[in-house]
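Read through the structure below, which is laid out as structure tokens, and then see the notes.
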Amino acid sequence: MVLLLAGCDGPLSTLAPAGPAAGDIALLWWGMLIGSAAITLLVGVLLALSFGPPRVRPARYWTHGWGLGFSLVVLTTVLVAGLWVGERILPRDDGAVEVRAHAYQWGWRFAQPDAEGGMVETDDTLYIPAGRPVDVIVTAEDVIHAFWVPQLAGKVDAIPGRRNLLRIEADRPGTHEGLCAEFCGLGHAAMRFELVAYDADAPPDALADAPPAEEFADD
Amino acid sequence: MSFLARSIAGPMIWAVTFSVVYALHGAGCALGWDGVVAGPVSLQRAALVGSWALGLIAGAALLQRLPASGGMRAGLPRAGAWTGLVATLFTLFPVLVTSSCDAARAPAIHLFTPA
Amino acid sequence: MTDATIGAAAGTGAAAGEIAANAPQRALGLHRELDRAWANAPGWRGQITAVSHTTLGLRFMATALVFFAIGGILAMLIRAQLATPEGAFLDTEIYNQIFTMHGSIMMFLFAIPMLEGLAIYMLPKILGTRDLAFPRLTALGYWCYLFGGLILIFALLGGVAPHDGWFMYTPLSGANYSPGVNADVWLLGVTFVEISALAAAVEITVTILRQRAPGMKLTEMPLFAWYMLGTSVMMLVGFPPLILASVLLEIERAFGWPFFEVARGGDPLLWQHLFWLFGHPEVYIIFLPAAGALSTIIPVMCRTTILGYGAIVAAIVALVFLSFGLWVHHMFTVGIPHMALAFFSAASVLVAVPTAVQVFAWIGTMWKGRPEMHLPMYHVMGFFLTFVMGGLTGVMLAIVPFNWQAHDTHFVVAHLHYVLIGGFVFPMMAAAAYWMPQITGRARIKGLGETAFWTILIGFHGTFFLMHLTGLMGMPRRIDVYPDNPEWIWLNLTSSLFGFVMTIGFALFALDLVLQAWLGPRSPRDPWRAPGLDWAMRLPPPSYNFASLPGPGRLDGGAQAAQGLARGEGLLPGAPRGRREVLVTGVGSARPEFVAILPGNTALPLGLAGAIGVFVLMMLSGLYWLTLPALALVAALIWVWARGMARGRDAAPVEVAPGLTLPVHTHRQDTLGRTGAVCLLLADGTLFAALLFGVGFLSVVALGWPPPELTGDPELGAGLIAGLVAGLGLGVVAVRLGLRAQGRGGAVLPAAAGLLANLVALACLGWLAAAVLDDPTRHARDALRGVLTGYVGLHALIAAGMAAFALDQARRGEIVGARAGCLPAWRLWQDFAAVTALIAGAILLAQGAGG
């Protein structure tokens, strides 16, 4: 099991979460995986048993018992768990740090607060304080892209004309990788970025050196 | 033909209710209904829950009117009515429990408020 | 058939649906007589003029297999590129073209045509009739499919294939970011191919509803027919949103009318909504026919009957509806509020229930019977294993937070291949193994099929099982290199290696089919001892399927019923009048109502498809003015087509069985053509509804609104809209007057009045477009007004054409007595045109008032 989990590690792995949202989702995944494995096994056993002598069960045993009853119970459980997790990880009006991610063909422009709280601009690296919820306002310059830091949270699309919001949070200071998940043309594969989660008490020098953020295209 | 029409009546009720609730949700968010108070809840939620309830009532009423027995000619319309009712219940119950519009701006009145 | 043979059989009352048997004749004589009427012309001309469902069904399937092979080769190129992190094998542009074409080919040129081909070939045989309702339409569909597919393939060979992904998201696929012809190839080529999907959907629906063997009630018809009925209705409702979206995007690209461009009031999400409004039902459109094959094959392989027939039919109905409530689960990351996502998440989860009902009904069937492991059963087992896993990952993806992580990663790639190969390809291979003896009359060569199965199964799971993990470890879709991610290397290399194993398996499968068709020993008539009517005929099937049509009491004998039918004991034996005749039965009752005379071999479908092809090529070349003569040619050929249906002479009633004489279709108003027109209008109405959705969506959701002020004269506009609606309304009155005057042959005047009324409506419309409407390139609102006007104009133009056709028919004396000519069809169309014009006019007026 440890070996298996180690095999799932990686700078872009959703199975190596480093934030609450990604952690919740990874738990959801392991739960669904176990359930799915059990159901696959169950169907396999039922199929194997069919190769014996004919066994008569009333049609309703299959269509209503297994088909409706069993599946509805399982599916309702999964759905409720999903909605619960979904509500937990939504951005909320709770004074989270706001940063901006602006996607273009093919790169990222970020704006984030520096030590004094003024917004500074960086290219292809986003700085956020660790241990604090951060809302990323995601916008696009040209075509649709998507902002994704798998170890921290799910993805959200960057769509021309829209401002999408994504809540991320890093448990500890460290560096995480991010990428554009929505196909955006020739430079899609290389449209990566870095996310640096820093100790909130010790903002990195890069932030102090960064120029103040200019207005974004759609402001 | 009327057999086929009766068989799809239930799913049609779901289809109409689903479309109406989804359209109302989009329109309500665009028009700011989630900020308008209507009694204990927002106008948005009142409108959504109301139309959901109407759909459920229509589905239940259909089920009431269909004959209970008579082979597949009665069975398929009944199964259709059940499909419509269960689908309306199952697919739209989120009107009760989830954040309606942009959560960052909406008041937290849903059941799943994080601790 | 002579009069002497008719009276010989004992006549019984028709009250309880009993129909007397015809007297037996010499089977060989009947065969020769029928073959003269039904066979294709000899030689290469026969291939061009064939309209037979047997020929065209096989040709659809064979062509689909060729495209499957091309799509498979593209898949191998993708796997070769991804086998190493810095594959230098393909450059990015070519790679983008290849994955776009792989998806587009597999969806539009393989899966859909394959299921159409299976239905086209099988349905008339399963339902006990001689051909589909509209044979020329079958042929038109085939040529449109072939030509559209060839456009895409030639674009690939020319290096200008679409390169924006198979779902063609705007603005990437818009004129700014995809200049050049690539995206146009997709939009025009795929839409061209979709003509065949709509054509097939119309005739499959009509054939199932109206051409079932007498006595085959809806509630008792073979499950395959229920599945295909569900599929075809879904196609009628599912394809129009895609066609609308493609037309709008092509108009945006070609003429600059904004629908998806943010700066001018459009919204890229409108494309996504319309595309997935088609795209998700599409998955079930592909799955349902496969499930139909499974419901046919499993009971036969287990020597029993299907368990839970009623529950399965209910599940089909539920799937048909629920699958239209899932589309947003492809859009969970676009920023839609959580509640709306939750609706679609719940619906996506719920759709697993009817699927589970079917899966457990099949397992119950196996428990009830004694499963025998013949080759089809191997593929059925492959289906169970693969599809159950694909369904479960589908449920995972329906869960919103998980979807936010997995969306656009290789997890989704793995999932969709599990569903499509598990839910479509394995069942289709089972169907091929099952029906190949029926199609070729030959038994297979032992051993090869099993080897192919195991190779495919191992290759498939080796390729795609680990790919779930690749996705969870963060590998996004549609990247060609991953130099910084060594942790993905072993996963991708494994997938690539097994991908080649799977390819070898498919090659073996194809070889098996070829060898069976070419060298296989003669098959017994009932290799599976199956009960269906598809086995109640000579193998391979004759051009006419049944020498006499099965009726009550002959519907589930399988091959045992073949002899009596071949001797002419069933209904409507032979072709004594030298015409292609089929029986038309009531939708609910399955009582024989009249005899339909089907058209014979003709090259007209090829010509019409060619004319449409010229239009498409002119659009592609940007020679927009030259599309007009192409359209004129299309219109002229449609006129000729319709003339082919008109019959000048009075056709005498036909005795189909002792004591049962039925009129010919020209004397009925409820013809197959009318049912077909209703189906077409269902699709057309869906297109209109999708357009209204677009108007509503952009008005409420899009940014860049409110639009600039309207500049046209509002009073003139209101007057012209009133004139337009009044003109179409007068047409509605005129066609009814025509029907009233039909008996005494007095339809000339009403038809002329109807033509005039429609022309007045068209004039108002032209004036409106020229003098009142604003420049459609200014803003999405103005572009939508232009499209609404164009939609109404096209319908008014066709209404005028139908009125002119009716006038012509009335003058020729073809509308008289019980013969209504084209009046019933015209009435339907005129009503539809008037109602849609009323709605469109109301919207134009409302926008005018608000502006």
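Please list the equivalent ellipsoid semi-axes of region C:238-284, computed as the square roots of five times the alpha-carbon gyration tensor eigenvalues, in descending order and whole angstrom.
So the equivalent ellipsoid measures 22, 11, 5 Å along its semi-axes.
Looking at chain A, what % of the alpha carbon pairs are farther apart than 22 Å?
60
What residue among A:Val43, A:Leu75, A:Ala96 has its Cα farthest toward the positive end of the dipole of region A:1-130, where the charges are +1 on Lys, Arg and -1 on Asp, Glu, each on the Cβ?
A:Val43
Around A:Ala181, what is the net charge, scoring Lys/Arg as +1 and Asp/Glu as -1 over all other residues with Cβ under 10 Å from its Cβ?
Around A:Ala181, the surrounding residues sum to 0.
Rg and Dmax of region C:706-850, using alpha carbons, in Å: what are they?
17.0, 57
Got a sec? What order do C:Val835, C:Val160 fall in by accessible area at 1.4 Å, biggest, i.e. largest, first?
Of C:Val835, C:Val160, the descending order of accessible area is C:Val835, C:Val160.
Helix-only estimate, please: 222 nm mean residue ellipticity of chain B, summing -39500 (n - 2.57) across DSSP H runs of length 4 or more and dividing by its residues, to the nearest 500.
-23500 deg cm²/dmol
So, with +1 on the Cβ of K and R and -1 on the Cβ of D and E, and no other charges, what is the size of the charge dipole of region C:706-850 about its Cα centre, to the nearest 20 debye?
Here region C:706-850 has a charge dipole of around 780 debye.
Give me the summed buried accessible area for the C-A pair, 1.4 Å probe, to the nearest 100 Å². Intermediate results must be reported in sequence, preceding the final value.
Details: alone 31180 and 12780 Å², together 37550 Å².
Looking at C and A, the buried total is near 6400 Å².
Which percent of Cα-Cα pairs in region A:2-88 sits in each 10 Å bin, short to long?
13, 33, 26, 17, 9, 1
Would you mind counting up the charge near C:Ala770? Only other residues with Cβ under 15 Å from its Cβ, with Lys and Arg at +1 and Asp and Glu at -1.
Net local charge, C:Ala770 excluded: -3.
Using a 1.4 Å probe on the protein heavy atoms only, what accessible surface does C:Tyr309 show? Give it in Å² to the nearest 10.
50
Please arrange C:Lys446, A:Lys155 by accessible surface area, largest first, computed with a 1.4 Å probe and ligands excluded.
Heavy-atom accessible area, descending, gives C:Lys446, A:Lys155.
Per residue, how much space in cubic angstrom lies within the convex hull of the C-alpha atoms of region C:583-728?
Cα convex hull per residue, to the nearest whole number: 227 Å³.
Towards the positive end of the charge dipole of chain C, with charges on Cβ (+1 Lys, Arg; -1 Asp, Glu), say which of C:Leu172, C:Val616, C:Ala651 has the farthest Cα.
Value computed over the given set: C:Ala651.
Take a quick pass over the protein assembly as shown and tell me how many lysine pairs come in under 28 angstrom between Cα atoms, counting only ones 8 or more apart or on separate chains.
4
Considering the options C:Ala603, C:Leu515, C:Leu28, tell which one lies farthest towards the positive end of the dipole of the protein assembly as shown, charges being +1 on Lys and Arg and -1 on Asp and Glu at the Cβ, about the Cα centre.
My answer, from the dipole projection, is C:Leu28.
Please report, in debye to the nearest 20, how large the charge dipole of chain B is about its Cα centre when each Lys and Arg carries +1 at its beta carbon and each Asp and Glu carries -1 there. Numbers along the way, then the final one.
Values: 6 positive and 2 negative charges, 88 e Å.
In total the dipole reaches around 420 debye.
Size of the dipole of the protein assembly as shown about the Cα centre, Lys and Arg at +1 and Asp and Glu at -1 on the beta carbon, nothing else charged, in debye to 20?
Charge dipole, the protein assembly as shown, about its Cα centre: 7020 debye, nearest 20.
If you add up the charges near C:Ser589, with Lys and Arg at +1 and Asp and Glu at -1, over every other residue whose beta carbon is less than 15 angstrom from its beta carbon, what do you get?
+1
Out of residues 5 or more away from A:Val120 or on other chains, whose amide H comes under 5 Å of its own, with H placed 1.01 Å from N in the peptide plane?
Amide H neighbours of A:Val120: A:Gln112, A:Asp114, A:Ala213.
What does the helix-only formula give at 222 nm for chain C: each DSSP H stretch with n ≥ 4 adding -39500 (n - 2.57), the total divided by the residues, and the result rounded to the nearest 500 deg cm²/dmol? Mind showing how you got there, number by number?
Working: 27 runs with 539 residues, N = 851.
The helix contribution divided over chain C gives -22000 deg cm²/dmol.
Determine how large the accessible area of B:Ser2 is when every protein chain is in place; take a 1.4 Å probe and give Å² rounded to the nearest 10.
70
When the Kirkwood radius is taken over all Cα pairs of region C:285-409, what Stokes-Einstein diffusion coefficient follows at 37 °C and 0.692 mPa s, in µm²/s?
It diffuses with D of about 208 µm²/s by this estimate.
I need the P(r) histogram for chain B: all alpha carbon pairs, bin width 10 Å from 0 out to the longest distance, whole percents.
Pairs per bin, as whole percents: 14, 38, 25, 15, 8, 0.
Roughly how large, in nm² to one decimal, is the mean projection of the convex hull of the alpha-carbon atoms in region C:143-201?
4.0
Scaled to the compact-protein estimate 2.2 N^0.38 Å, what is the alpha-carbon radius of gyration of the protein assembly as shown, rounded to two decimal places?
Against the empirical 2.2 N^0.38 Å value, I get 0.95 for the protein assembly as shown.
What is the projected area of the convex hull of the Cα atoms of chain C, averaged over all directions, in nm²?
The Cα convex hull of chain C, projected and averaged over all directions, gives 34.8 nm².
Jot down the radius of gyration and Dmax of region A:97-209, Cα atoms only, both in angstrom.
Both quantities, over Cα of region A:97-209: 13.1, 40 Å.
Any chance you could get the radius of gyration and Dmax over the Cα atoms of region A:159-219, in Å?
Looking at region A:159-219, its Cα Rg and Dmax stand at 14.7, 40 Å.
So with the 1.4 Å probe, I'd like the accessible area per residue for the protein assembly as shown, rounded to whole Å².
35
The values are calculated or read from the model by the stated rules, or taken from the named source; none is laboratory data. For clarity, every value in this text was computed on a predicted model and none was experimentally measured. Glycine gets a Cβ as well: all are built from the backbone with ideal geometry, and neighbour counts include every protein chain shown. Surface accessibility is based on the protein's heavy atoms, side chains included, excluding ligands, DNA and RNA. Shrake-Rupley method; radii C 1.70, N 1.55, O 1.52, S 1.80 Å.
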